[in-house]
Amino acid sequence: MTAGAVAAALGGARFDARRDSRHEHLADDGHGRAELAEWERIDQLLPAAAPGTVYAPDSDDVVQAELAATREAELREAARIAARVDEPQALRELGARAAREAAAGLLSPPLLAHAAVLAELAHLAPGAGVGRLAFAAWLVITEPEAAGDLATFLACARA
């Protein structure tokens, strides 16, 4: 912007500020005062510069600092929103884990051993049907401690 264009904009901002001061509903709006202050600041920059200097927001340190602060605030807000998006999933996982732990506390040791043996056998033989794994139930009924030991052994072997 040339000095003339800045002066015209400053004059318009002063006119708007005077008009706004006469109307109560506009007098409380800080937008007009901020615009006037910014035009006054820009108007003070040009006389201090070399003759013929044109105002450009790209070379104004104040404008660039404000833009950087705005970008930083937008990045922080995006990061906050991204963190909030993951929050429901984390709560669901926490709730599922708590429910599993609570349910495990209600189950008998033989039933837990049976579930552990079946889970490990399912990892070892994914295609095995229920009929092929029926021996696990017999093992748990007859030797509950051995079934728990077998589940632990299979888990270690798989790892």
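The values are calculated or read from the model by the stated rules, or taken from the named source; none is laboratory data. Bear in mind that the values here come from a model prediction, so they are computed numbers and not experimental data. Here Cβ is always computed from backbone atoms with ideal geometry, including for glycine, and neighbour counts include all displayed protein chains. Ligands, DNA and RNA are stripped out before the accessible areas are found, and what is left, the full protein with its side chains, is counted by its heavy atoms. Shrake-Rupley method; radii C 1.70, N 1.55, O 1.52, S 1.80 Å.
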Response to the item:
For segment 45-63 the number of residues that are surrounded by 10 or more Cβ atoms within 10 Å (Cβ to Cβ) and more than 19 Å from GLU35 (Cβ to Cβ) is 4
Worksheet entry | Options ALA82, ALA104: the member that is exposed (fewer than 11 other Cβ atoms within 10 Å of the Cβ), over 30 Å from ALA3 (Cβ atoms) and of a type in the set (Gly, Ala, Ser) | ALA82
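Can you pull out the helices (runs of 4 or more DSSP H) entirely within segment 1-63 that have at least 3 residues that are of a type outside the set (Ser, Thr, Tyr) and in contact with a Phe, Trp or Tyr (Cβ under 7 Å, 6 or more places away or on another chain)? Don't jump to the end; show me each part of the working.
Values: elements: 3-21, 24-27, 30-48.
Hits in segment 1-63: 3-21, 30-48.
Among the candidates THR142, THR70, which residue alone is closer than 30 Å to TRP39 by Cα, of a type in the set (Val, Ile, Thr) and loosely packed, with under 11 Cβ neighbours inside 10 Å?
So the residue among THR142, THR70 that is closer than 30 Å to TRP39 by Cα, of a type in the set (Val, Ile, Thr) and loosely packed, with under 11 Cβ neighbours inside 10 Å is THR70.
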Worksheet item: Hey, any hits in segment 125-138 for a residue that's over 17 Å from ALA155 (Cα atoms), open to solvent by 70 Å² or more (accessible area, probe 1.4 Å), more than 41 Å from the chain's Cα centre (by Cα) and in contact (Cβ under 8 Å) with a residue 12 or more places away in the chain?
Response: no
